[in-house]
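Worksheet: one structure, shown below.
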Amino acid sequence: MFGLDNSNQYIDWWHEALPGAGEGFDHEGTLTSVVLSPAITIGLSNYWNFTIGQSIGNRTMTWDGDTTTIHHRDEGTDDDYINAIGGYLGDTKLMLRYLVFNDGQGPGRRLFFGGGFILPSKNTLSSDPFFLSGDEKTDHRHFALSEGVYKVCSEIQLFKKKMTNPVFMGGTIYVEKALAENNYGFKASDIYDLSLTAFSKKIPAINGSLGANIITRHTTKAYWNEFEAPNSRATVVTVGFGGLWNLAVGGVSLNIQKPFFIKGAFSGIEGELGQRVDVWQVSLSYRRLLDFVIPWLDPLRGL
C-alpha cells in the first residue's frame, strides 16, 4: 500500500518581552509548517506488515516586529543558520506491525501491535537555543525539521466496524521514546499519544463519510546538555473534524484540527512568559492498495 500524508500547521504566536534581553518590546509572528510524509507498507505475511515512511517539508517563521532580534527574523528551515543545519528532509520511520485478530470484512474488530525505530535527519538544531549553560546569548534559531535524535516507538491499534453509526470507530495508543541525547547535547521529550476516531456511514450528499477525532498528547521534559529545556513538558488535546472519500484512484481524507494547550506552553518560547498561541492544522491523506506481489515474500503469506 502507498500512503501520502500532507500536514499543514499554522501558529500565530505572541509573548511578552524577554527579561534581561534589553529589547523592551513584545514579540509576535507566525510559524507555518508544510510537511509531506510518503510511506510504503509491505505485507510480509497474512499477519505481519512493514512500513517505511519519510517526512519532507519546510517550516517558515514570519516576524512581525519592526526590527530583527537575536531570537526572531523571517526565516525557514530550508536554509542553514548559526545553530541550525537546513534542508528539506525530516525523520525516517520504520514500523513493524502484527495483526493479533481480524474479524473479516464485515462487522467486527481488528487489533494491531506495532513497534519500530525513528531515524533522524541531519536537518536539526546544532546547539542550545536557550543558552541554558549561561553562555552569552547570540543570534540563534529555535526550530528545525528534525529533533536529530534516535528514538524507538510502539503502538496498539484497536478498531471496530458496525452496521449502525458510527460504522467505524477505534483508537490508537502510541509511545515514542528518545534513546539518548544527540551529537549536539539534545535529548528529546518522550511522547505519549491517545487518539480516538469515528466515521459515519456514506452520506450520499457528499459521496463520502464524515468523521471526528480527538488526540491527547503528553510530552515529558527535554534537555539540552542535561539542562531542562523551557516549556518542553506539556499536555495538548487536539480536536478534529473531516471527511473520507473512497475514490477510484484510492482513499482520500481531509481533516481540520484545533489543538488546545491543557498543561504547559508552546515549547518554542523561552522561559515562563506571558504568551498567546493560536494553532490550526489541516491534513490531507491519500491511500492506495498496490496490485503487486513481491515473489520471494509470497510463500510467507500463511505465517
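The values are calculated or read from the model by the stated rules, or taken from the named source; none is laboratory data. What you see is a predicted model, and the numbers here were worked out from it, not measured in a lab. Counting neighbours? That spans all protein chains shown, and the Cβs are built from the backbone with ideal geometry, glycine included.
In table form, for the structure just shown:
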read-out: Segment 227-268, residues that are among the polar types (S, T, N, Q) and loosely packed, with under 15 Cβ neighbours inside 10 Å; value: THR235, ASN246
read-out: VAL252, sole failed condition from (1) in contact with a Phe, Trp or Tyr (Cβ under 7 Å, 6 or more places away or on another chain); (2) under 28 Å from GLY29 (Cα atoms); (3) modelled with pLDDT of 95 or more; value: (2)
read-out: Given (1) surrounded by 18 or more Cβ atoms within 10 Å (Cβ to Cβ); (2) among the β-branched types (Val, Ile, Thr); (3) touching a Lys or Arg at 6+ places or on another chain (Cβ under 6 Å); (4) free of Cβ contacts under 8 Å to residues at least 40 places away in the same chain, index of the condition VAL152 fails; value: (1)
read-out: Which numbered condition ASN83 misses (of (1) more than 23 Å from the chain's Cα centre (by Cα); (2) over 30 Å from LEU284 (Cβ atoms); (3) of a type outside the set (Asp, Glu)); value: (1)
read-out: In segment 158-187, the residues that are out of contact with any Gly (no Cβ under 7 Å at 6 or more places or on another chain), of a type outside the set (Ser, Thr, Tyr) and not in a loop (DSSP other than H, G, I, E, B); value: PHE168, MET169, GLY170, GLY171, ILE173, VAL175, GLU176, LYS177, ALA178, LYS187
read-out: Only listed residue being of a type in the set (Phe, Trp, Tyr) and either over 23 Å from ILE203 (Cβ atoms) or modelled with pLDDT under 85 (or both), chosen from PHE241, PHE292; value: PHE292
read-out: Any hit, segment 122-130, residues being surrounded by 15 or more Cβ atoms within 10 Å (Cβ to Cβ), in a loop (DSSP other than H, G, I, E, B) and either in contact with a Leu (Cβ under 8 Å, 6 or more places away or on another chain) or basic (Lys, Arg) (or both); value: yes
read-out: Extreme residue, farthest from SER126 (Cα to Cα), among residues of segment 147-157 that are assigned to a loop (DSSP other than H, G, I, E, B) and not aliphatic (A, V, I, L, M); value: TYR150
read-out: Identity of the residue in segment 162-178, among the aliphatic types (A, V, I, L, M) and closer than 18 Å to GLU147 by Cα, that ends up surrounded by the fewest Cβ atoms within 10 Å (Cβ to Cβ); value: VAL175
read-out: Matching residues, segment 179-201, being touching a residue at least 40 places away in the same chain (Cβ under 8 Å), touching a Ser or Thr at 6+ places or on another chain (Cβ under 6 Å) and surrounded by fewer than 18 Cβ atoms within 10 Å (Cβ to Cβ); value: TYR184
